[in-house]
1. Considering each of H42, H71, H53 in turn, give the residue that is modelled with pLDDT under 90 and either under 21 Å from the mean Cα position of the chain (by Cα) or more than 14 Å from T111 (Cα to Cα) (or both).
2. One residue is enough: does the stretch 206-214 have a residue meeting the conditions more than 15 Å from the chain's Cα centre (by Cα), surrounded by fewer than 17 Cβ atoms within 10 Å (Cβ to Cβ) and of a type in the set (V, I, T)?
3. I'd like the residue in the stretch 26-58 that is charged (D, E, K, R) and assigned to a helix (DSSP H, G or I) and, out of all such residues, is surrounded by the most Cβ atoms within 10 Å (Cβ to Cβ).
4. If I filter the stretch 236-245 down to residues being under 23 Å from S186 (Cβ atoms) and of a type outside the set (A, V, I, L, M), which single residue comes out as surrounded by the fewest Cβ atoms within 10 Å (Cβ to Cβ)?
5. Output the qualifying pairs, or none if there are none: Cβ atoms under 6 angstrom, residues six or more apart or on different chains, first residue in the stretch 105-120 and in the same structural domain as L227 (by TED's automatic domain parsing), second residue of a type in the set (S, T, Y) and assigned to a helix (DSSP H, G or I).
6. Out of all the residues in the stretch 93-103, is one or more of a type outside the set (K, R), closer than 20 Å to K157 by Cβ and at pLDDT 95 or above?
7. Looking for whichever is in a helix (DSSP H, G or I) and under 24 Å from F156 (Cβ atoms) here; the options are A253, A288. Which one fits?
8. Residues that are within 22 Å of D54 (Cα to Cα) and either of a type in the set (S, T, Y) or crowded, with 19+ Cβ neighbours inside 10 Å (or both): does the stretch 255-269 have at least one?
Amino acid sequence: MNTPNVTQASLPTFTQAQLQAILPQVCKIAYEAGQRISAIYHQAGAVAVEKKHDGSPVTIADQQADDFICHALTDLLPDVGLISEESVERVPFATRQAWSCYWLVDPLDGTKEFIERTGEYSVNIALIDAQQPVLGVVYAPEKGELYCAVHGGGAFKLTGLLALEAGITDQAWLTVMAQAQPIESSRLVCQTHPVINVAVSRRHGQSTTKFVAQLGDTQRIIMGSALKTCLVAEGRADVYPRFGPTSLWDTAASQVVLEAAGGSVLNAAGHPLKYVQTQSLLNPFFMAVGDAAYPWPKFPEVF
């Protein structure tokens with residue numbers, strides 16, 4: 001796919017009305033990409049796995065979803081740049097370093113979950129404007145659940161998407177979108193001795209274990225991919241601590257959802273994650289919280 005020829009001067013700043021207008025289309029793109037991934041997920045036999053240059057796994061499902069999403073988003077907004085996990089190498093840093101607005105895509109977040117058949121993978125699509133994620137969609141194909149939001153608006157969750165027939169029309173999709181329910185993160189500041197619900201992955205390290213030990217009474221919720229942050233957004237979890245490497249495309253979409261739901265994705269200094277163009281495109285350590293006013297323990301900032 002050819003990368004859009006965009007410059008800093010040509011990039012738009014979107015109004016909330018413009019973001020709301022394109023949100024249903026972006027949700028449908030995520031849904032259709034998820035259907036393609038799910039078809040491969042349910043094929044008989046193991047899916048072939050390759051290794052990328054950084055040692056992380058990649059499958060044909062990642063690649064097919066990436067191709068579909070990149071083409072669809074480019075058709076939707078031809079003048080907006082795009083960075084995705086599977087095609088980032090096509091966009092040199094010298095090209096993208098001046099971008100103030102761009103799509104940020106993880107076509108299959110949780111490839112290990114996909115390979116291990118936990119069903120806890122997601123499709124993540126975010127729009128970045130002035131280093132801030134302003135539109136986010138997270139779709140969980142095996143759960144039939146989709147989370148979406150735009151900056152300054154509410155956060156919403158769609159369920160029951162497993163029951164949809166293939167090839168849904170744009171008009172029928174708008175009817176589906178009208179069924180989305182608002183979600184809100186939980187508040188802990190008024191509780192004296194709350195039991196903290198902590199979303200964690202199956203592979204979290206010692207730093208996370210130590211952080212959780214400082215919280216007192218806790219209940220752990222095991223989940224993969226960006227769905228952990230979405231659990232915080234809908235109040236099912238109170239915090240998701242992440243003290244390991246992540247890339248910008250891992251967090252942007254779910255950050256929009258959580259912030260619109262009333263929560264925050266914070267670095268060690270207590271500031272929201274920003275989406276600054278760097279060569280590595282790596283995040284600092286962070287925690288996704290439903291209640292930023294709660295006295296959360298400190299956590300390490302460096303890798």
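The values are calculated or read from the model by the stated rules, or taken from the named source; none is laboratory data. Fair warning: this is a prediction, and the values are worked out from it, not measured in the lab. Cβ sites come from the backbone with ideal geometry, for glycine too, and all protein chains shown count toward neighbours.
1. On the way: H42 fails: modelled with pLDDT under 90; H71 fails: modelled with pLDDT under 90.
Answer to the selection: H53.
2. Of the residues in the stretch 206-214, the ones more than 15 Å from the chain's Cα centre (by Cα) are 206-214.
Within this subset, residues satisfying the condition of being surrounded by fewer than 17 Cβ atoms within 10 Å (Cβ to Cβ) are 206-207, 209-210, 213-214.
Narrowing further to those that are of a type in the set (V, I, T): 209.
Yes, there is a match, as at least one residue in the stretch 206-214 is more than 15 Å from the chain's Cα centre (by Cα), surrounded by fewer than 17 Cβ atoms within 10 Å (Cβ to Cβ) and of a type in the set (V, I, T).
3. Here is the first cut: in the stretch 26-58, the ones charged (D, E, K, R) are 28, 32, 36, 50-52, 54.
Then keep just the ones that are assigned to a helix (DSSP H, G or I); that gives 28, 32, 36.
On the way: K28: 22, E32: 19, R36: 19.
Of everything passing the filter in the stretch 26-58, K28 is surrounded by the most Cβ atoms within 10 Å (Cβ to Cβ).
4. First, pick out the residues of the stretch 236-245 that are under 23 Å from S186 (Cβ atoms): 236-243.
Add one more test, that the residue is of a type outside the set (A, V, I, L, M), and what stays is 236, 238, 240-243.
On the way: R236: 16, D238: 29, Y240: 30, P241: 25, R242: 24, F243: 22.
So, considering only residues that are under 23 Å from S186 (Cβ atoms) and of a type outside the set (A, V, I, L, M), the one surrounded by the fewest Cβ atoms within 10 Å (Cβ to Cβ) is R236.
5. Hits for this filter: zero, empty list.
6. In the first step, residues of the stretch 93-103 are kept if they are of a type outside the set (K, R); the result is 93-95, 97-103.
With the extra rule that they be closer than 20 Å to K157 by Cβ, the set shrinks to none.
Within the stretch 93-103, not a single residue is of a type outside the set (K, R), closer than 20 Å to K157 by Cβ and at pLDDT 95 or above.
7. On the way: A288 fails: in a helix (DSSP H, G or I).
Every option except A253 fails the conditions.
8. Pass one, the stretch 255-269, residues within 22 Å of D54 (Cα to Cα): none.
No, the stretch 255-269 contains no residue that is within 22 Å of D54 (Cα to Cα) and either of a type in the set (S, T, Y) or crowded, with 19+ Cβ neighbours inside 10 Å (or both).
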